[in-house]
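Chemist: Got a structure here, written out as structure tokens. Questions coming.
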Amino acid sequence: MILARALILMLLAASCVAPAMAEVVPFPDADMESPGRDAWETYGTPVSIEKVRQAHSGQWALRVQTDNKETMGGGFEGVSRTLGELRQGDRVRVSFWLRPLAGREVWIGMGRTSFEQIWRPFDTDWMQVVCDFRARADGTHSIWITQQGAANDFLLDDFRVERIPRLALGQAPASQRVAIGDSAGRVWLCRETGALCGIENLATGETVAPLGERQPLFSLSVIDKERQTETIGFDRATLQQFAAAPDGSRATLSYAVRGLPIRVTLQVMRSAPGEIAFSAEVENRSDRSILEVTYPLVYSVRPAADPKALTLVHPYLCGQIQRDALRSAGCDSVYPGRAVMGWFDLYGEKGGLSLSTRDTTRTGTRLTALPAAGDTFDMSLSQEVVIRPNTTWTGPRHVLLIHAGDWHIAADRYREWARQWLGTPDVPRWIQEADGWVLMGVQNGVPFWRIPDVYRSAEWMGVDYLHVQGQAVDNMWFDADGKRHGHAITFLYPSPRFGTPEQLRQAVRDIHSRGGHVMFYFLYERWTPSHSVSDDLGTAPRSAIPPEYPIPGLDFYEKNALVERPGARPPKEHPFMVHRMMCLGSPGWQEWMRHWAIDVYAKRFEADGFYWDVMGRNGPFRCFNEAHGHQGENRWAAGSAAVLERTVREGRAINPDYSCAIEGCQDALAPWVGFHLMSGATQTPEVFRYTFPELCLVDGFSNHYWKWTQVEKARRVFLCGERFDLHGYHAQVRKLVWLRKRLRPFIDWPARFVDTIGVATSDPAVQARRFVRDDGGNRAVLITLLNEGLKQDATITVDLAPMRAITTAHLFTLDGRIRPLQSTPTGQGKVSFTAPAEPVAGVLFVDTVDPALRVVPVLEQIQVPDRDGLELTLFYPAGRKEKCDVRLRAPAGVTLRAVDSPRPEESPAVERRAWEPEGGLASLQGWEKIHADLQWPGGKTSVWSLLCPPLVNGDMERLRPDGHLAYWPASPSVEEPAQGKHCLKLEDQGQGDTGFVSTLTPIKPGTRYRLSARIKRDTAGSDTRVAMIEYEEGSKFHVSASVGAGGKANEWQEFTTEFTSHPSPRSSAVYLYRGNSKAAWFDQIELVELK
């Protein structure tokens, strides 16, 4: 009787599911056999589009040749076709045969007016390409097949276009529905088919997915012996067993796959409040491998009464917030990689739904949330696995969270689990205390011996970490016409164009001698196979590479290459300087990365770590390269983690300060990462920043895609409490760095960034973010403000929890002032205050602080007319001054004496002390780094600042140990100096000679100075000169002073002028111009403040 009942249920289940049959769409000239190429539209300006007798089948194929000239935005040109009208949620599958002829990948984009989905296939033989596209919105859609950024040549043939209908699974009567969940939310399952048939948010009283409407719960992707993939939809699943606990806590569903001996068992159970966990076991007794298991499928959901109220928050490229989500492209990204966390959330007016993975193996997991028909979303999680024949796979838990409130709830739940998995990041103290970094590119013409000069400008900005890129031999190459081409670094031997390995090591040592740190650059997944056979490595010949830096042979590429297509092999053609993708899961490539990071840069060059470009925002990629044992595994992120773990462990044994940085942010790599670079990836960094407030996020000027000035970008970095990604000296940004320093203990972990939770503004033009410090005995709340419109009447309302009372409240502004703030209680532990009419500011409320936090010091150079020296600001958060002992540490020869501070003390919680150098700033021989060591009852710390004269080495008498002029990018000349032993000579060097040199001058704004110089030239009346150039935002500049033009030939002349410096410059520098002289000499340059 039981068996008969089971058989009847199986038959009923089969009869309830209508199989989805693809509809072939007419596609003229799909086989390329029609005369001409009229069916194919030109995209951009390709060289030619023509039919040729090189077909995949039949007689003809379409050949597309491009030259990378006059391209569409992004470097695209090729062919395109219209796919017709599609409605939101429609699926189209386009398959065709492609043969690349130029050794480069071909880009395929589909969408309406832009690439809403991209494929990048590559091989050197005919390959079948299958593009499964889902329309994000209604409209006319197209497919583009194109080059990207480089000339290309490829063949196309045998197109097929299919529409994939949505599964129609029918209605589940109330008697067939079983609920799993709790008082916060529940899902409904159909006991007859095993389909999902409704979702309710009981906390908000909303029905999120229609009750009774059956929706698929899982799907599979398999590959056959001919290496063709096939999607096994839910319409081929037959429910064999359904068991549910009477209390609604769990259910077990077991399915057979029609046509294949595959069994899928799903466990559905409630876990934490509002959470429904899905686990899968797949038993594969077929002769095919299973490449993907998708569970759960959560279709046709809308957690909002008004569809326009839907907001999608997802982890693509460091986190995105997509309001009016049905008009967005949604999320379709793989974690850990371009998806930087394993969760996303869709919410409306009252609450929402979140899907997250609980996978700890770092296997590729596709996160999908796409607009669907009926103003709904389809959501799913897919494991990119390889389940070989006659094996059983047990998958990780995937969690559906049904919640009230917005995306922060989903982030809280995910963080709680992730911290148990990832533990505490292993980050050196110097990174924890850093306010950011300065990035420099050697490839921009900076020789290795000048790297310490750039580091000095980083110190002036208030940071002691220099991030160096472009140092390797293949950072560029030159064509037959001598034209320079940039190139991704793949062979890390230091470029002889910029110096020697010894000079690079000495630069690192010089930075270390000043207490600084330096990391170097590695593009972690690229190799240039032509290096194995070419004598030209870009900036040097092969003969310039010492034997201790061997270049691997072609077999190195073949064994370790990333192969993304089943049955494909690494290409044999290797055009000059074309780089290829390597597999992070390959042990050989992992060893290559370790070798350069540890054996070379850590041991030989004494670097403090590596910056792994793109690692935190790229991939993960499946690999089918059987040379290293892969048959479709996605071990990309696991391989990255293995490299980081080993290099940090081995690097730490060499250098206790060793760490690493990555481009992008990535929770799965966080245990070993010091800095996560956010720049250019997202305009909503709060998604990742809130989820993981303990991580060090760097943001600012790199990849500067957004239409903000550097100051505007830096203001937003301050708002969210990130660290600054800087590109050198910028006086206005420097003020933001120092504002951050004053508030750092209440911004950086263990202070917690809680985004907009607990803070509200009356005017949306004023942005506010909230930070909470509640570790130990600390109870404080910080509000950062962005008010670029200088609004004067915006009200900020703040929840003071966990504070019990306000002991002190202070306003911190860019000018360095710290003033008491008046606030108004509004009830329920909240207060309000009027936002200051300042572009950025911080408001700090303090209840109590531990003894170690009772003094917050900041040391900085005095930058006001008529006063020189250093000022130490002591802020006492608890409101009472502490007995604080201060000892200054200065370089030999620098003596500082105490003087009165130029600023009044604005609050009883603020004390200022000042010192000036004996003999004034003019007596200093360089940009001197001064430390202040402080100790008070219960605490101690150390701070530092540079103390800089307006101009250093104007008499050209100070030389570096390597013989170059100190503080000038030049060598000394001994050709009859005006005074002393040396002068600086500029001589026409021919093509590429700029005719000038410069040195930064940290002069005070709005201050009177005298500029004088002695100049000699070989051409009478030439415009040889010395000028004070002060830059504004962007490339605008102001010539504040200029002396020397029009002088006599072949004799030293003295020139002098007075000027008032720019009131608000970006940077200031003294420039020496050769002008139209063949040679010019400079000496005894002075820049003196007029007091």
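The values are calculated or read from the model by the stated rules, or taken from the named source; none is laboratory data. Remember, it's a predicted structure, so these values are computed and weren't measured experimentally. Note: ideal-geometry Cβ built from the backbone for every residue, glycine included; neighbour counts use all protein chains shown.
Chemist: Can you pull out the residues in segment 1053-1091 that are touching a helix residue (DSSP H, G or I) at 6+ places or on another chain (Cβ under 9 Å) and part of a strand (DSSP E or B)?
Modeler: Across segment 1053-1091, the qualifying residues are Ser1067, Ser1068, Glu1086, Val1088, Glu1089.
For every residue, the table says whether it meets (1) closer than 30 Å to His982 by Cβ; (2) surrounded by 16 or more Cβ atoms within 10 Å (Cβ to Cβ).
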| site | (1), (2) |
| --- | --- |
| Val864 | no, no |
| Asp885 | no, no |
| Val899 | no, yes |
| Arg913 | no, yes |
| Glu918 | yes, no |
| Lys929 | yes, yes |
| Gly939 | no, yes |
| Ser945 | no, yes |
| Val952 | yes, yes |
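Chemist: Right, something else. Scanning for something among the β-branched types (Val, Ile, Thr) and modelled with pLDDT of 95 or more, does segment 978-995 turn up at least one residue?
Modeler: So the first thing to find is which residues in segment 978-995 are among the β-branched types (Val, Ile, Thr), and the list is 994.
Still in the list and also modelled with pLDDT of 95 or more: none.
No, there is no match, as no residue in segment 978-995 is among the β-branched types (Val, Ile, Thr) and modelled with pLDDT of 95 or more.
Chemist: How about segment 172-223: which of its residues are under 28 Å from Gly259 (Cα atoms) and under 38 Å from the mean Cα position of the chain (by Cα)?
Modeler: Leu196, Gln215, Pro216, Leu217, Phe218, Ser219, Leu220, Ser221, Val222, Ile223
Chemist: Write out, first by first residue and then by second, each pair whose Cβ atoms fall under 9 Å of each other, whose residues are 6+ apart or on separate chains, and whose first residue, in segment 277-295, is closer than 15 Å to Leu196 by Cβ and assigned by TED's automatic domain parsing to the domain that holds Phe621 while the second is not charged (D, E, K, R) and not in a strand (DSSP E or B).
Modeler: Every condition considered, no pair remains.
Chemist: If you scan segment 716-735, which residues turn out to be in a helix (DSSP H, G or I) and surrounded by 24 or more Cβ atoms within 10 Å (Cβ to Cβ)?
Modeler: Within segment 716-735, the first condition is being in a helix (DSSP H, G or I), and the residues that meet it are 716-719, 731-735.
Selection gives Val717, Phe718, Val733.
Chemist: Same structure, new question: For segment 770-787, name all the residues that are more than 19 Å from Ile818 (Cα to Cα) and touching an Asp or Glu at 6+ places or on another chain (Cβ under 7 Å).
Modeler: So the first thing to find is which residues in segment 770-787 are more than 19 Å from Ile818 (Cα to Cα), and the list is 772-779.
Correct list: Gly776, Gly777, Asn778, Arg779.
Chemist: Still on this structure, please answer the following. I'm told Trp636 meets every condition in (1) touching a strand residue (DSSP E or B) at 6+ places or on another chain (Cβ under 7 Å); (2) surrounded by 24 or more Cβ atoms within 10 Å (Cβ to Cβ) except one. Can you identify the failing condition by its number?
Modeler: (1)
Chemist: Residues being within 16 Å of Trp596 (Cα to Cα) and of a type in the set (Lys, Arg): count how many of those fall in segment 490-519.
Modeler: 1
Chemist: With the requirement that a residue be among the small types (Gly, Ala, Ser) and loosely packed, with under 15 Cβ neighbours inside 10 Å, what does segment 27-38 give you?
Modeler: Within segment 27-38, Ser34, Gly36 meet the criteria.
Chemist: Say we look at segment 869-907 and pick out the residues that are touching a residue at least 40 places away in the same chain (Cβ under 8 Å) and acidic (Asp, Glu); which of these is nearest to Ala809 (Cα to Cα)?
Modeler: Glu906
Chemist: Could you tell me which numbered condition Gly84 fails, if it satisfies all but one of (1) part of a strand (DSSP E or B); (2) among the small types (Gly, Ala, Ser); (3) within 27 Å of Gly567 (Cα to Cα)?
Modeler: The failed condition is (3).
Chemist: I'd like the full set of residues that are under 21 Å from Gln322 (Cα atoms) and part of a loop (DSSP other than H, G, I, E, B), limited to segment 100-140.
Modeler: Residues of segment 100-140 under 21 Å from Gln322 (Cα atoms): 110-118, 133-139.
If the condition is that a residue be under 21 Å from Gln322 (Cα atoms) and part of a loop (DSSP other than H, G, I, E, B), then Arg112, Thr113, Ser114, Phe115, Glu116, Ala135, Arg136, Ala137, Asp138 are the ones that fit.
Chemist: Starting from residues that are touching a Pro at 6+ places or on another chain (Cβ under 9 Å) and at pLDDT 90 or above, keep the ones in segment 136-154 and report whichever is farthest from Pro575 (Cα to Cα).
Modeler: Applying the filter and picking the extreme gives Thr146.
Chemist: Hey, among Ser1022, Ser1042, Ser1012, which residue is out of contact with any helix residue (DSSP H, G or I) (no Cβ under 9 Å at 6 or more places or on another chain), assigned to a loop (DSSP other than H, G, I, E, B) and not basic (Lys, Arg)? Outline the logic, then answer.
Modeler: Numbers: Ser1042 fails: assigned to a loop (DSSP other than H, G, I, E, B); Ser1012 fails: assigned to a loop (DSSP other than H, G, I, E, B).
Going through Ser1022, Ser1042, Ser1012 in turn, the sole match is Ser1022.
Each row is one residue, and each column tells you yes or no for (1) of a type outside the set (Val, Ile, Thr); (2) over 26 Å from the mean Cα position of the chain (by Cα); (3) outside any loop (DSSP other than H, G, I, E, B).
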{"position": "Ala329", "(1), (2), (3)": "yes, no, no"}
{"position": "Asp332", "(1), (2), (3)": "yes, no, yes"}
{"position": "Gly352", "(1), (2), (3)": "yes, yes, yes"}
{"position": "Leu355", "(1), (2), (3)": "yes, no, yes"}
{"position": "Thr361", "(1), (2), (3)": "no, no, no"}
{"position": "Leu370", "(1), (2), (3)": "yes, no, yes"}
{"position": "Ser380", "(1), (2), (3)": "yes, no, yes"}
{"position": "Pro389", "(1), (2), (3)": "yes, yes, no"}
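Chemist: In addition: Have a look at Lys1036, Lys1078, Lys1091, Lys1048 and point out the one that is farther than 23 Å from Ala966 by Cα, out of contact with any strand residue (DSSP E or B) (no Cβ under 6 Å at 6 or more places or on another chain), of a type outside the set (Gly, Ala, Ser) and free of Cβ contacts under 8 Å to residues at least 24 places away in the same chain. Don't jump to the end; show me each part of the working.
Modeler: Details: Lys1078 fails: free of Cβ contacts under 8 Å to residues at least 24 places away in the same chain; Lys1091 fails: free of Cβ contacts under 8 Å to residues at least 24 places away in the same chain; Lys1048 fails: free of Cβ contacts under 8 Å to residues at least 24 places away in the same chain.
After ruling out the rest, the residue left standing is Lys1036.
Chemist: Being assigned to a helix (DSSP H, G or I) and buried (at least 21 other Cβ atoms within 10 Å of the Cβ) is the filter here, so list the residues in segment 414-442 that pass it. Lay out the reasoning, then the answer.
Modeler: Looking only at segment 414-442, we keep the residues that are assigned to a helix (DSSP H, G or I), and these are 414-422, 429-432, 442.
Answer for segment 414-442, where residues must be assigned to a helix (DSSP H, G or I) and buried (at least 21 other Cβ atoms within 10 Å of the Cβ): Tyr414, Ala418, Ile431, Val442.
Chemist: A further question on this structure: Ile321 fails exactly one of the following numbered conditions: (1) modelled with pLDDT under 95; (2) out of contact with any Cys (no Cβ under 9 Å at 6 or more places or on another chain). What is the number of that condition?
Modeler: Condition (1) is where Ile321 drops out.
Chemist: Among the numbered criteria (1) buried (at least 21 other Cβ atoms within 10 Å of the Cβ); (2) touching a strand residue (DSSP E or B) at 6+ places or on another chain (Cβ under 6 Å); (3) among the polar types (S, T, N, Q); (4) over 18 Å from Val840 (Cβ atoms), which single criterion is violated by Asn778?
Modeler: Here Asn778 clears every test but (2).
Chemist: Take the residues of segment 685-704 that are over 12 Å from the mean Cα position of the chain (by Cα) and in a loop (DSSP other than H, G, I, E, B): which is surrounded by the fewest Cβ atoms within 10 Å (Cβ to Cβ)?
Modeler: The residue in question is Glu694.
Chemist: Of all the residues that make up segment 641-672, how many are in a helix (DSSP H, G or I) and not basic (Lys, Arg)? Step through it out loud before you land on a result.
Modeler: First, the residues of segment 641-672 that are in a helix (DSSP H, G or I): 641-654, 667-672.
Narrowing the set further to residues that are not basic (Lys, Arg) leaves 641-645, 647-648, 650-651, 653-654, 667-672.
Number satisfying all stated conditions: 17.
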